[in-house]
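Input: a single structure, listed below in structure tokens.
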Amino acid sequence: MNPVDICLYGILDPEHCNGRDLAELAIIAAENGVTILQYRDKINDTRHQIGAVNEIIEAISHTDVPLIVNDRVDITLASGAAGVHLGQQDMMVEDARAILGPKAVIGLSIKTLDDAHSAPVDLLDYAFIGGVHDTVSKVNPAALGISGWLERAAILREMKPDLPLGAIAGFTVENTGDMIEAGAQGIAVISALFKAENVGVRIAEFRQAIESARAKTSVTV
């Protein structure tokens, strides 16, 4: 498994893009500083999703930004996407790895302490812990806050210190730095990126917030 850069993880969702074309948004994202993209679709059928993923892959083929598919191992396999991101109710990581093989990128969502303890970390390329803040993009029973994120991250890092860990839910340019300073290696963003009037500018603002926080952390270490 190759290292995955989850610094700024953009999630493309047809319900959270103001009706804009996802392939066009993917190009803007890939060319302006998003390090990894995910296709997340809860409304369209399988045939539509495979077509959409293929369009996005083609659109960003001139970049090094990988495309991950949310939930759907079958769509990942059919489209040739770089990998899959799994939730706790999706296919087990062990089964996804057996189907997709050792080169596929597989990420996992971590919500509870039990999720962290049971995560098959040796089969994962990264994990995202959340939801950290309240968000309009998905339903979260309760925000974890940074303290909840740290509690779950500690469990995962004890098992696999080098596993990239990100944070998801409710991130803005203003609150991203605090999460990076707390130890997250990346931020996943949906609406705050792809509902922005100028997506390229918003991405640059997020990257500046991340790099500024990393600089502070490196000075204090």
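The values are calculated or read from the model by the stated rules, or taken from the named source; none is laboratory data. Small disclaimer: the values here were computed from a predicted structure and weren't measured. Please note: Cβ atoms are built from the backbone with ideal geometry, for glycine as well, and neighbour counts cover all protein chains shown.
Please verify whether V105 is of a type in the set (V, I, T), touching a residue at least 60 places away in the same chain (Cβ under 8 Å) and at negative phi, treating the condition exactly as stated. I'd like the intermediate steps shown before the answer.
Details: of a type in the set (V, I, T): yes; touching a residue at least 60 places away in the same chain (Cβ under 8 Å): yes; at negative phi: yes.
It is true that V105 is of a type in the set (V, I, T), touching a residue at least 60 places away in the same chain (Cβ under 8 Å) and at negative phi.
Taking L108 and the conditions (1) farther than 23 Å from R40 by Cβ; (2) assigned to a strand (DSSP E or B), which numbered condition does it fall short on, given that it satisfies the others?
Answer for L108: the failing condition is (1).
Evaluate the stretch 132-139: report whether one residue or more is in contact with a strand residue (DSSP E or B) (Cβ under 7 Å, 6 or more places away or on another chain), touching a residue at least 24 places away in the same chain (Cβ under 8 Å) and of a type in the set (S, T, N, Q). Explain how you work it out, then say what you get.
Just the residues of the stretch 132-139 that are in contact with a strand residue (DSSP E or B) (Cβ under 7 Å, 6 or more places away or on another chain), to begin with: 132.
After this cut, where a residue has to be touching a residue at least 24 places away in the same chain (Cβ under 8 Å) as well, the list is 132.
Adding the requirement that they be of a type in the set (S, T, N, Q) leaves none.
Looking for residues that are in contact with a strand residue (DSSP E or B) (Cβ under 7 Å, 6 or more places away or on another chain), touching a residue at least 24 places away in the same chain (Cβ under 8 Å) and of a type in the set (S, T, N, Q), one finds none in the stretch 132-139, hence no.
Can you list the helices (runs of 4 or more DSSP H) lying wholly within the stretch 127-214 that have 1 or more residues being within 23 Å of A116 (Cβ to Cβ) and modelled with pLDDT of 95 or more? Steps first, answer last, please.
Numbers: elements: 145-159, 173-181, 191-194.
Per the criteria, 145-159, 173-181.
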